[in-house]
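So the structure is just underneath, and the comments pick up after that.
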Amino acid sequence: MKTFSTILTTLTFFLTLSGTLTAQPDKLDQKADSVLGLMTLDEKIGQLVLYTSNWDVTGPVMPTNTMETIKSGKCGNIFNAYTAKYTRELQEIAVKGSRLGIPLLFGYDVIHGHKTIFPISLGEAASWDLAAIEKGARVAANEAAAMGLHWTFAPMVDIARDPRWGRISEGAGEDTYLGCEIAKARVRGFQGNDLADPLTVLACVKHFAAYGAAQAGRDYHTVDLSERMLREVYLPPYKAALDAGALSVMTSFNELDGVPATASHWLMTDILRNEWKFDGFVVTDYTAINELIPHGVAGNLKDAAELSIDAGVDMDMQGGAYSEHLKELVEAGNITVEQIDTAVKRVLKLKFMLGLFDDPYRYCDEKREKETVYSQANLDAAYDVACKSMVLLKNDKQVLPLQKGKSIALIGPLADSKRDLLGSWKAAGDWDQISSVYSALKKANSGGRVVYNKGCDFTGSDTSLFAAALESVRNADVVVMVLGEPWDWTGEAASRTSISIPGIQKKLLNEVSKTGKPVVLVLMNGRPLALTDEFEWSDAMLEAWYPGTMGGEAVADVLLGKYNPSGKLPVTFPRNLGQIPIFYNVKNTGRPYEKDGPEQKYRSRYLDSPNEPLFPFGYGLSYTSFEYKNLSLSTASLSPGKAIEVSVDVTNTGKFDGEEVVQLYIRDLVGSVTRPLKELKGFQKILIPKGSTKKVSFKVTAADLAFYRRDMSFGPEAGDFILYVGGDSDSANSEAFTFSE
Ligand code: NOJ
């Protein structure tokens, strides 16, 4: 046993070694080893334990006296604790009170903002604006880091194709390519270029793996995918986030092919470590080790802990499995000290990289906290993304933008709500001071009137408020209805079997539409909804998601034309529930149904619904209009090492300046395995002034044609391809090319 003075000397040694760690992996190893060498088994296990503060929990809290546990060195990491003051208090306990003084790591779910809340992640994804999304993550990181946090449990990169699943709101939607680009942007935003920069936070890619493919859209439910589907559709965004530098990964709750992810050696070691060379640490989701028991792969917590550590899971979130059982598992010879050391080293290395050994309090600066949180620049960034996230779904007779100064009847349970604007995972965001759509619209519609009536509750059958709402409609020039789902109908544990707006709200919309007044429907929701009736009953529809702290202002400004909507759906909106799962990059089948062909009975179709969704992936209108012309390819034959330059002229033919998301899709006509009808392979968001034309160019190379071939090797195959360029995934503007080896 080392004496305390030896420990101090060694600590001084590694403290002076700290500094530019990211670039020096050897030194990092050396430093981690120097600490490891001082630690008892209990202290080592402590670094593999993550407990929640009792501030904010999303699941059962394990009975534990956290302060004492920190002091004893048996808890090295805390989540759900923030503010510079509170984290300093806890950090002092670890640094001054524990034997080795190893600093704590503080984590939190900073998903779409910390104090200044941005649109929910699905909404941000609808902006298709990678710079804006990166900026959003950067602002979130700045605010979180200023409030004592080192680590965010984001980005959530789970591909989701089932709108029943409430957590579809937390990701980037249904598409792998878009999901990868957004995953990278978010990691860049959170982590910046240097983890030691106290304005950044460590990212945690979640939920590994395939959490978004939950059976029947029910949260935590079974996932069963072919390996081809897993590798082609679901895994790439995790990999993209890691390639962008993310250094922690969270396991998912679900099983995959019969093995819960948290016990899966194949996922956590074979793929993550051996194939992908991941060098950071893996944390479980909340009590996910304990859940191996109800999953039915462990009979007790000790076995569960053994399965997880053997799988390659480094840190136990809140479950107590590692703290209670790792020691006895080592003593019984079931697992080795080397396994523990490997995991501990990964955690220590991150603590060094974050600069915590240099200065454990570098994130606990109350002055910085005050200056950073809700700064005007942060609010401006949130406003910018909120505007960009909105998707104009319909705009008949150019009802929108509204002319200023008109008399507006504003109706609906979301029209004067503040809390709902923030959506789920609002982190530390406050809503009491923010503007509802009502207050923002009143202010923005200068010279006009805005008369607000709630009209009805979210649910129920009470129509007693209808009359007053309808009366206001009769006296107005135009009606704006703000309908949808309350904020907690999406997010974790918020799956639905219906994807409709609740009946009472629909009934009110129907009544309002019968008055003949122009009706603008603003939607707030965190999942694709089936909006077939609403499409019929309204003249204009604006998908606003849950737009965040500045969402009220953003909705008002978009309605009044201060910002011309530019968002595009990152996920398909079905016509009805029965079409689920529905996504754009489906396979053709052996009996494809041809929309315009003669009646064909034995074809892949429904008897009672078209196959097509109401709004396809990539869809979104603008107050102006765009025309695509002159799609041209520099060559129609591609070969390895070469590229096709694709160009297209996009003209703004309408009356407003506007941004368009120009999308490029490719179809591989014949493969050794069946290929999707279309796959997104590139996009660019560009501003085109009214009346002007911009040439947009893309480069297509063999890498864009790669897929998992019949033998599961990854690469392109020679053959014929079609390339589509347009404003959504339905675009028929195409050219053919070939690829030869
Ligand atoms: C459970 C959620 O699945 C996960 O996304 C989150 O990060 C943890 N709880 C911690 O709050």
| message | Suppose every Lys and Arg Cβ carries +1 and every Asp and Glu Cβ carries -1, with no other charges. What dipole size does the range 388-433 come out with about its Cα centre, to the nearest 20 debye? | response | 260 debye
| remark: For the pair R474 and Q433, the simple spin-label estimate (label points 7 Å beyond Cα toward Cβ) gives in nm 4.3 nm
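Pulled fully out, how much extra length does the chain show between D396 and T463, if you take 0.36 nm times their separation in residues and subtract their Cα-Cα distance? Write down the numbers at each step before the final one.
Values: separation 67, 0.36 × 67 = 24.12 nm, distance 2.86 nm.
Taking 0.36 nm per residue and subtracting the Cα distance, the gain is 21.3 nm.
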| query | Kirkwood hydrodynamic radius for the range 394-540: how many Å is it when counted over pairs of different Cα atoms? | reply | 15.7 Å
| message | Highest mean first, how do 734-740, 645-651, 255-261 rank when packing is the count of other Cβ atoms within 10 Å averaged over residues? | response | 255-261, 645-651, 734-740
| remark: For the range 73-176, the charge dipole (Cβ of Lys, Arg +1; Cβ of Asp, Glu -1; about the Cα centre) points to a positive end, and the Cα of H112, T87, W128 closest to that extreme belongs to T87
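Take the Cα pairs of the range 469-614, get the Kirkwood Rh, then feed it into Stokes-Einstein at 25 °C and 0.890 mPa s and tell me D in µm²/s.
On the way: Rh = 17.5 Å.
D = 140 µm²/s.
Using DSSP to define loop residues, name the GluC sites (Glu not before Pro) in the range 559-634 whose beta-carbon has at most 16 other beta-carbon atoms within 10 Å. Before the final figure, lay out the partial values.
On the way: sites: E594, E599, E627; in loops: E594, E599.
Answer by residue number: E594, E599.
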| field | Simple Cβ-charge dipole of the chain, Lys/Arg +1 and Asp/Glu -1, about Cα centre, in debye nearest 20 | value | 1460 debye
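Given N residues in the chain, what is Rg(Cα) / (2.2 N^0.38 Å)? Kindly include the intermediate steps, with their values, before the conclusion.
Values: Rg = 26.8 Å, N = 741, 2.2 N^0.38 = 27.1 Å.
The reported ratio for this selection is 0.99.
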| If you take the Cα Rg of the range 323-429 and divide it by 2.2 N^0.38 Å, with N the number of residues, what do you get? | 2.00
| Using the scaling law 2.2 N^0.38 Å as the reference, what is the normalised Cα Rg of the range 247-363? | 1.07
| field | the chain: DSSP helices with Cα axial extent of at least 18 Å and average Kyte-Doolittle hydropathy no lower than -1.0 | value | 4-17, 130-146, 176-191, 337-353, 376-389
| said: Expected output is a single nm value to one decimal: the length gained when fully extending between L607 and K367, i.e. 0.36 nm times separation in residues minus the C-alpha distance. What is it? | reply: 79.9 nm
| query | Which is farthest toward the positive dipole end of the chain among T653, S637, F278, measuring Cα position about the Cα centre, with Cβ charges +1 (Lys, Arg) and -1 (Asp, Glu)? | reply | T653
| request: Hand me the chymotrypsin sites (Phe, Trp or Tyr not before Pro) from the range 568-630 located in a DSSP loop with no more than 11 other Cβ atoms within 10 Å, in residue order please. | output: Y602
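Structure shown: which of K115/K562; K115/K351; K74/K277; K642/K685; K394/K655 lie over 22 Å apart, alpha-carbon to alpha-carbon? Spell out each step's value before the answer.
Values: K115/K562 26 Å; K115/K351 24 Å; K74/K277 29 Å; K642/K685 25 Å; K394/K655 17 Å.
Violating the 22 Å limit, Cα to Cα: K115/K562; K115/K351; K74/K277; K642/K685.
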| field | Pairs from K404/K690; K406/K517; K71/K302 whose Cα-Cα separation, in the structure shown, is over 23 Å | value | K71/K302
| task | Would you mind checking which residues have amide H under 5 Å from Y452's amide H? H placed 1.01 Å from N; only 5 or more apart, or other chain. | result | L410
| Inter-site label distance for E227 and D310 at 7 Å from Cα along Cβ, in nm | 2.1 nm
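I want the antiparallel fraction of DSSP beta bridges within the chain, as a percent rounded to 5. Walk me through the intermediate numbers first.
Numbers: 47 of 89 bridges.
So the antiparallel bridges amount to about 55 percent of the total.
Using the Cβ atoms and a cut-off under 11 Å, what net charge is assigned to the surroundings of R710, where Lys and Arg are +1 and Asp and Glu are -1?
Values: positive: R228, R709; negative: D711, E717.
Charge balance near R710 sits at 0.
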| query | What ranking do 394-402, 126-134, 633-641, 723-731 get when scored by the average of other Cβ atoms within 10 Å per residue, highest first? | reply | 126-134, 723-731, 394-402, 633-641
| note | For the range 152-296, the dipole about the Cα centre with charges only on Cβ (Lys and Arg +1, Asp and Glu -1), to the nearest 20 debye, works out at 160 debye
| message | So if I take the centroid of the Cα atoms in the range 195-237 and the same for the range 343-366, what is the distance between those two points in Å? | response | 26 Å
| query | Working out 0.36 nm times the residue gap between R99 and S734, then minus their Cα-Cα distance, what length gain in nm do you get to one decimal? | reply | 221.8 nm
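Each value in this text was obtained by applying a stated rule to the coordinates, not by laboratory testing. None of these values were measured; they are calculated from a predicted model. Don't worry about glycine lacking a Cβ; one is built from the backbone with ideal geometry, like all the others, and counts go over all protein chains shown.
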